[in-house]
Amino acid sequence: MIRAALVEFGADRPGFAWQDPELDAMSKTYAASGWIYYVAVEGGNILGGAGIGPLSGVEATCELQKMYLAPSARGKGVGCRLMANLLEQARVLNYRWIYLETLSAMVAAQRLYRTWGFLKIEKPLGQTGHGGCDSWFLKELHGSGVFGELEIDC
């Protein structure tokens, strides 16, 4: 499903998650301390998934990783629920910031990120190996309540 989404958006080449070694060992990678990956499933079908892991080279910051949805799951709140769970877990894991990289062509995804309070930044952070991405976002993980100052209804 992840690779199909990468093909759909033209990211099936060097500089994108396409060549990340963890794609072939997701359960091993995300079992490590400070990492988590959620998979959305309905009726035995994978709708999508998303995870977080430490951002290499940036203290107290995690990276939103591998957030992709099947075309049939988009616009139905699946991404919103995945994001809600990941932001909660990022706080539990004591991260202060959450960072993500994406493509400007992923307009709907960027709308979701902005809804959750991510702010677009001008240049990439850390060492992700994803030099092909052209849009970067950052969110501070603080505020009152589980999801900070935002009240999002998925």
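Unpartnered cysteines of the chain (Cβ-Cβ under 4.7 Å counts as a partner)?
C62, C133
Can you work out the accessible area per residue across the chain, with the rest of the protein chains kept in place, probe 1.4 Å, in square angstrom?
On the way: 8120 Å² over 154 residues.
The answer is 53 Å² per residue.
Given the rule -39500 (n - 2.57) for each run of at least 4 DSSP H residues, summed and divided by the residues of the chain, what is its mean residue ellipticity at 222 nm, to the nearest 500 deg cm²/dmol? Please list the in-between numbers first.
Details: 4 runs with 35 residues, N = 154.
Rounded to the nearest 500, the figure is -6500 deg cm²/dmol.
What full-extension length gain, to one decimal in nm, is calculated for D153 and A108 as 0.36 nm per residue of separation minus the Cα-Cα distance?
Working: separation 45, 0.36 × 45 = 16.20 nm, distance 1.69 nm.
Difference between extended and current length: 14.5 nm.
Taking all protein chains in place and a 1.4 Å probe, what share, in percent, of the accessible surface of the chain do carbon and sulfur account for? Show your work: numbers first, answer last.
Numbers: 4300 of 8120 Å².
Taking all protein chains in place, the chain shows 53 percent carbon and sulfur surface.
Normalising by the residue count of the chain, find the relative contact order in percent from Cα pairs under 8 Å and 6+ residues apart.
Working: 239 pairs, mean separation 34.7, N = 154.
Relative contact order for the chain comes out at 23 percent.
If you place +1 on the Cβ of every Lys and Arg and -1 on the Cβ of every Asp and Glu, how big does the dipole about the Cα centre of the stretch 64-116 come out, in debye to the nearest 20? Walk me through the intermediate numbers first.
On the way: 8 positive and 2 negative charges, 25 e Å.
Roughly 120 debye for the stretch 64-116.
With r as the distance between the Cβ atoms of Q127 and N85 and R0 = 22 Å, compute the FRET efficiency 1/(1 + (r/R0)^6) and round to 0.05. Show your work: numbers first, answer last.
On the way: r = 26 Å, r/R0 = 1.19.
Approximately 0.25, to the nearest 0.05.
What are the principal axis extents of the Cα atoms in the stretch 11-77, in Å, biggest first?
Projected onto its principal axes, the Cα set of the stretch 11-77 covers 37, 27, 22 Å.
For V58 and A4, what does the FRET efficiency come to when R0 = 30 Å and r is the distance between their Cβ atoms, rounded to the nearest 0.05?
The formula returns an efficiency of 0.50 here.
With a point put 7 Å past each Cα toward its Cβ, work out how far L138 is from S33 in nm, to one decimal.
2.6 nm
The values are calculated or read from the model by the stated rules, or taken from the named source; none is laboratory data. Predicted model only: the values in this text are computed from it and were never measured. Ideal geometry is used to build each Cβ from the backbone, glycine not excepted, and the neighbour counts take in all protein chains shown. We work out accessible area using only protein heavy atoms, side chains counted, and drop any ligands, DNA or RNA first. Shrake-Rupley method; radii C 1.70, N 1.55, O 1.52, S 1.80 Å.
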